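A quick write-up on the structure given underneath.
The values are calculated or read from the model by the stated rules, or taken from the named source; none is laboratory data. Predicted model, so just to flag it, every value in this text is computed and none were measured. Virtual Cβ from ideal backbone geometry, glycine too; neighbours counted across all protein chains shown.
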Amino acid sequence: MTKDPTNIYQLLGMAARARKIATGEDLVVQAVRSGDAHLVILSGDASKNTIKKLTNKCNTYNVEKHVFGSREELGHAIGKEARVVLALTDKGFAKKLSELLNEFNRGWANDENEST
């Protein structure tokens, strides 16, 4: 298995062009609360407060959450400025991205962080 995130960024770009992504903390929290969010992606350089807030929301509303990439990489993938948090509002995109993110993160659980 290769640790190449290209497929993840390409799928994020396709979801953005299909208008199936909510970006920004407020819109993502709103999507999670309303049940529209199926997957939340936080950048690795998000603030502790943002990580805590969105982790709590995702746990409360049973929405899958991943930490991936940097704010610049996430923004570039969706054709916008730097973005700290994204929510996928389409089940199909969310399922495929979840599979790709789990595959990408496989093996990291035994390294520095205990969760995938």
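Structure notes:
- Scanning the stretch 37-60 for residues that are among the hydroxyl-bearing types (Ser, Thr, Tyr), farther than 14 Å from Ala77 by Cα and either touching a Cys at 6+ places or on another chain (Cβ under 8 Å) or surrounded by 20 or more Cβ atoms within 10 Å (Cβ to Cβ) (or both) yields a total of 0.
- Residue count, the stretch 7-36 (criterion: surrounded by 17 or more Cβ atoms within 10 Å (Cβ to Cβ) and of a type in the set (S, T, N, Q)): 1
- Tally of residues being β-branched (Val, Ile, Thr) and surrounded by fewer than 18 Cβ atoms within 10 Å (Cβ to Cβ) across the stretch 84-100: 0
- Glu81 being exposed (fewer than 14 other Cβ atoms within 10 Å of the Cβ) and either within 22 Å of Lys3 (Cβ to Cβ) or at pLDDT 95 or above (or both): no
- For the stretch 31-78, taking the residues that are more than 24 Å from Asp4 (Cβ to Cβ) and β-branched (Val, Ile, Thr), the one that is farthest from the chain's Cα centre (by Cα) is identified as Thr60.
- Given (1) surrounded by fewer than 15 Cβ atoms within 10 Å (Cβ to Cβ); (2) in contact (Cβ under 8 Å) with a residue 40 or more places away in the chain, index of the condition Asp4 fails: (2)
- Checked against the criteria, Val67 does not count as surrounded by 14 or more Cβ atoms within 10 Å (Cβ to Cβ) and modelled with pLDDT of 95 or more.
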